[in-house]
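Remarks on the structure that follows.
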Amino acid sequence: MLTRKTKHLLLKIISMFSVVRGYNIPIIALAQYLSAIFILAPEKHALDILLDFNLFIIVLASSLTIASGYIINNFYDSKKDLINRPNKSMLDRLVSQKTKLQVYFSINFIVFLLAFFVSIRAVLFFSTYIFLIWFYSHKLKKIVVVGNLTASLLAVLPFFAILLYYKNFYEVIFAHATFLFLLLLIREMIKDLENIKGDIANDYKTIPVLFGENSSKKIITILTIFTIIPIYFLIEIYDVGYMDSYFYISLIVLIFFLQMLWKSNEKADYLKLHNVLKFLVVSGVFCIVLINPETLIYGKKIIQTIAN
């Protein structure tokens, strides 16, 4: 039998796990490694990448920074979450605001130390990343459009940490990044529709709050149509191996997504749309293994030959 003290401790651990969204962080770490193996450093052997200590530190520092970001975001959004996510909010409140801040600063200090093992550039990158997450949570999140763009950019930045580490600037990388950025931006817009009641109550200046749900749906529709551009490049221009099947399926899913969007009016409807986008992002992570790294190396050689 567990004692009351042990049960209370377990509840606090579960609460902190909920605050840092521990279920998301392993997926991001996996995505960083798969991106390094199949996209960002295709000329290197997979085992060399997996055993690269500096890369491990970068991935670990990224994971901890993201965790601290969730904490500070939860700290500032505590009132809004009581309206938008009452059940999760009650669980998160088992850990006091003071404890959350203590953990937040402790994690950031660890990230700062870890970055020193890699380079001064890594220190500067993660220091900037930590600052941007705080500034977004404290100020930018409440600003119309700016909050959405910043949130999407912050979600993509961990992959740029690895890009800067390997310094392999393949054009296909930016096509992948553009597609991911658009999906994340659309998801942020859907979250605004999903959280409109809490945003109104807490004076968050979002598009649906200022201009209405229809205006927000129109912008989401335009952004969804824009995903055709990177999808076209990734299927027709660049050789991404069997991953092109993922982009064909994504295109079909996004067509149904738009149909669902214009029929949606309730929070439950927007939550389903949010989960559709989350599914596309997560499945995209696992589909990275369908890329043949040799095609990227070959493509780079052709470009270098033409340039010379």
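The values are calculated or read from the model by the stated rules, or taken from the named source; none is laboratory data. Model, not experiment: these values are computed from the prediction. With ideal geometry, Cβ positions are generated from the backbone for all residues, glycine too; neighbour counts draw on all protein chains shown.
Any residue that is buried (at least 20 other Cβ atoms within 10 Å of the Cβ), among the hydrophobic types (A, V, I, L, M, F, W, C), under 28 Å from PHE233 (Cβ atoms) and in contact with a helix residue (DSSP H, G or I) (Cβ under 6 Å, 6 or more places away or on another chain) - is there at least one of those in the stretch 140-148?
Checked the stretch 140-148: no residue is buried (at least 20 other Cβ atoms within 10 Å of the Cβ), among the hydrophobic types (A, V, I, L, M, F, W, C), under 28 Å from PHE233 (Cβ atoms) and in contact with a helix residue (DSSP H, G or I) (Cβ under 6 Å, 6 or more places away or on another chain).
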Is it the case that some residue within the stretch 124-145 is more than 25 Å from LEU184 (Cβ to Cβ) and not in a helix (DSSP H, G or I)?
no
Search result, residues across the stretch 1-28 that are closer than 25 Å to TYR76 by Cβ and of a type in the set (A, V, I, L, M)
LEU11, ILE13, ILE14, MET16, VAL19, VAL20, ILE25, ILE27, ILE28
Got a sec? Which helices (runs of 4 or more DSSP H) wholly within the stretch 1-92 have at least 1 residues that are under 17 Å from the mean Cα position of the chain (by Cα) and at pLDDT below 85?
4-19
Exception for VAL95 within (1) over 30 Å from ASN292 (Cβ atoms); (2) of a type in the set (Val, Ile, Thr); (3) not in a loop (DSSP other than H, G, I, E, B) falls at (3)
